[in-house]
Amino acid sequence: MNTIAIALSDERLLKLQKIANDLNLSIEELVLIGIENLLAQSEVSAQNPHQNILNKSAEISAEVVDRFYALASDWEKEVAGLSSTAQMSQHPAYLEIINMGRKIVPLLLSELKRNPLYWLSALSAITGENPIKPEQRGRVKQMASAWIEWGINQGYAEENV
């Protein structure tokens, strides 16, 4: 195991402490979650270079992105082993993600590549939309593709051919 040192301004350190306290984590755990999420995003982007959903997330504040990924990480850990997506979608962290509103739609669209099934109901709850055609129901990849296409058409995502 390696150790790294990071120099932070007092303001950033206070922000990190507040977020860590809100999530009941240490700063070290919070930073590791952020690093894990960044690595996961990098892997997802490498697996599918044809669409770059994260283009739009550049318009989302770093605090919102950090909050989303911290909640998503908590949620994934706490629902691991559950088979009911209905139960998973009632978890407090998932509900808090939904309450973040339309500003996180680009992040959810991006996450469809990694966990397509998990974010479909969040997208529907936030947007009030359902772009999934009857023949796509039950076909997770097709359902995710329908949402990504919807996101491109609505300006939440960009297709990178």
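Quick notes on this one:
Table: residues versus (1) surrounded by 13 or more Cβ atoms within 10 Å (Cβ to Cβ); (2) touching a Lys or Arg at 6+ places or on another chain (Cβ under 6 Å); (3) free of Cβ contacts under 8 Å to residues at least 12 places away in the same chain.
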site: Tyr69; (1), (2), (3): yes, no, no
site: Ala72; (1), (2), (3): yes, no, no
site: Leu82; (1), (2), (3): no, no, yes
site: Pro92; (1), (2), (3): no, no, yes
site: Glu96; (1), (2), (3): yes, no, no
site: Ser110; (1), (2), (3): yes, no, no
site: Leu123; (1), (2), (3): yes, no, no
site: Asn130; (1), (2), (3): yes, no, yes
site: Trp147; (1), (2), (3): yes, no, no
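Residue by residue, here is whether (1) at pLDDT 70 or above; (2) assigned to a loop (DSSP other than H, G, I, E, B); (3) surrounded by 11 or more Cβ atoms within 10 Å (Cβ to Cβ); (4) hydrophobic (A, V, I, L, M, F, W, C) holds:
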residue: Ala5; (1), (2), (3), (4): yes, yes, no, yes
residue: Arg12; (1), (2), (3), (4): yes, no, yes, no
residue: Asn24; (1), (2), (3), (4): yes, yes, no, no
residue: Lys77; (1), (2), (3), (4): yes, no, no, no
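- Where Asn48 falls short, out of the listed (1) in contact with a Lys or Arg (Cβ under 7 Å, 6 or more places away or on another chain); (2) among the polar types (S, T, N, Q); (3) modelled with pLDDT of 85 or more: (3)
- Residues being modelled with pLDDT under 90 and either β-branched (Val, Ile, Thr) or not in a helix (DSSP H, G or I) (or both) - total across the range 79-97: 8
- Only residues that are assigned to a loop (DSSP other than H, G, I, E, B) and in contact (Cβ under 8 Å) with a residue 40 or more places away in the chain were counted across the range 98-108, and they come to 0.
- Meets criteria (at pLDDT 75 or above and outside any helix (DSSP H, G or I)) for Ser73: no
- Any chance Glu59 is acidic (Asp, Glu) and at pLDDT 75 or above: no
The values are calculated or read from the model by the stated rules, or taken from the named source; none is laboratory data. From a predicted model like this one, the values you see are computed outputs, not experimental measurements. Virtual Cβ from ideal backbone geometry, glycine too; neighbours counted across all protein chains shown.
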